[in-house]
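First up is the structure itself, then whatever we jot down about it.
Only the coordinates and a few stated rules stand behind these numbers; no lab work does. Note that this is a predicted model, so its numbers are computed, not measured. Reconstructed Cβ throughout: ideal geometry from the backbone, glycine too, with neighbour counts over all protein chains shown.
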Ligand SMILES: Nc1ncnc2c1ncn2[C@@H]1O[C@H](COP(=O)(O)OP(=O)(O)OP(=O)(O)O)[C@@H](O)[C@H]1O
Ligand SMILES: [Mg+2]
């Protein structure tokens, strides 16, 4: 009996030493259940290890999602494809297989406000976290602000490393604010660097490519950015109605025509 008590103490100590915290928490109750349910030794060990692995994967996923800095957490399950018939559902499902990541394909989501660009970018980003890769989500304004500030402080290289490290960088709301010359050049450098490393970017914008010339300080920078961004890329043009205005429209507060005006 004394030996069993010793083995019990040592088992708990070793589980903690090995960092098997889930097993450590559940093992007492699990062993009792295993006896009641007449589980074999193999089933018992397998059940304990499986619970540890699942808990670890969940913790890793949680950490990755937190570090990604998504504006909200919404998976593809909460996306109503029937509301956006112009959207190619098969293409979105294909992107969710994450094959695009391995060859550094970029994804550009274009469309007016409220059509689900950010939602889709977040859903794909969360799937990338689930697969164990690191994602970083940023608005274009924050990204450019960060690059300009770091340049001024002589820390541009480390900022570039920060934005180049994640397997997927999501740049949201490109084109909402015009970029001056320095901002345009620094953004070009980042896109160029990720292109050289074959690292994917998901970018959202409410401006079609034709308007990108006026978004950057010089059209020549815009075309150099587009050249790299679009070399290996998928463009998804969403042409539907704003989901944000859906309830108001249903309630008759706004007409479809005024909804279009609000989007412009
Ligand atoms: N088809 C959809 N099904 C379910 N929810 C949707 C759908 N489209 C948009 N939404 C929801 O509507 C809100 C606005 O969508 P989202 O943030 O993706 O818009 P956006 O296209 O990025 O617009 P903006 O250009 O203004 O940033 C979000 O809460 C999003 O989850
Ligand atoms: Mg958005």
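Want the number for residue 231 to residue 198: 0.36 nm per residue separation, take away the alpha-carbon distance, what's left?
Working: separation 33, 0.36 × 33 = 11.88 nm, distance 1.07 nm.
Fully extending the segment from residue 231 to residue 198 adds 10.8 nm.
For the chain, find the longest principal axis of its Cα atoms and tell me its angle to the long axis of helix 41-68, 0 to 90°, nearest 10.
30
Hey, rough spin-label estimate for residue 66 and residue 155, points 7 angstrom out along Cα→Cβ, what's it come to in nanometres?
With each label placed 7 Å out from Cα toward Cβ, I get 2.2 nm.
Please work out whether the range 2-66 counts as rounded, prolate or oblate from its C-alpha gyration tensor, where a ≥ b ≥ c are the square roots of the eigenvalues and a/c under 1.5 means rounded, while otherwise a/b larger than b/c means prolate and anything else oblate? Walk me through the numbers on the way to the answer.
Details: a/c = 3.11, a/b = 1.53, b/c = 2.03.
Cα axes put the range 2-66 in the oblate bin.
Before rounding to the nearest 500, sum -39500 (n - 2.57) across all DSSP H runs of length at least 4 in the chain and divide by the residue total; then give [θ] at 222 nm in deg cm²/dmol.
Working: 13 runs with 153 residues, N = 264.
The per-residue figure over the chain is -18000 deg cm²/dmol.
To the nearest 0.05, how large is the calculated FRET efficiency for residue 239 and residue 142 if R₀ is 22 Å and r is the Cβ-Cβ distance? Don't jump to the answer; show the numbers that get you there.
On the way: r = 28 Å, r/R0 = 1.26.
My answer for the efficiency is 0.20.
Any chance you could give the angle, 0 to 90 degrees and rounded to 10, that helix 219-231 forms with the longest Cα principal axis of the chain?
40
In degrees from 0 to 90, rounded to the nearest 10, what is the angle of the helix 117-130 Cα long axis to the longest principal axis of the chain?
30
Could you compute the FRET efficiency for residue 211 and residue 55, with r as their C-beta to C-beta distance and R0 at 35 Å, rounded to 0.05? Kindly include the intermediate steps, with their values, before the conclusion.
On the way: r = 48 Å, r/R0 = 1.37.
That gives a FRET efficiency of 0.15.
Send over the semi-axes of the range 69-263's equivalent ellipsoid, whole angstrom and largest first, taken as the square roots of 5 times the C-alpha gyration tensor eigenvalues. Write down the numbers at each step before the final one.
Working: eigenvalues 161, 84, 44 Å².
Computed over the range 69-263, the values are 28, 21, 15 Å.
Classify the range 28-106 from the C-alpha gyration tensor, please: rounded if a/c falls under 1.5, else prolate or oblate depending on whether a/b exceeds b/c. Display every interim value, and only then the final one.
Numbers: a/c = 2.74, a/b = 2.44, b/c = 1.12.
Here the range 28-106 falls in the prolate category.
Under the rule a/c < 1.5 gives rounded, and otherwise a/b versus b/c splits prolate from oblate, where does the range 37-154 land using the Cα gyration tensor?
Values: a/c = 2.74, a/b = 1.54, b/c = 1.79.
Because a/c hits 1.5 or more and a/b fails to exceed b/c, the range 37-154 counts as oblate.
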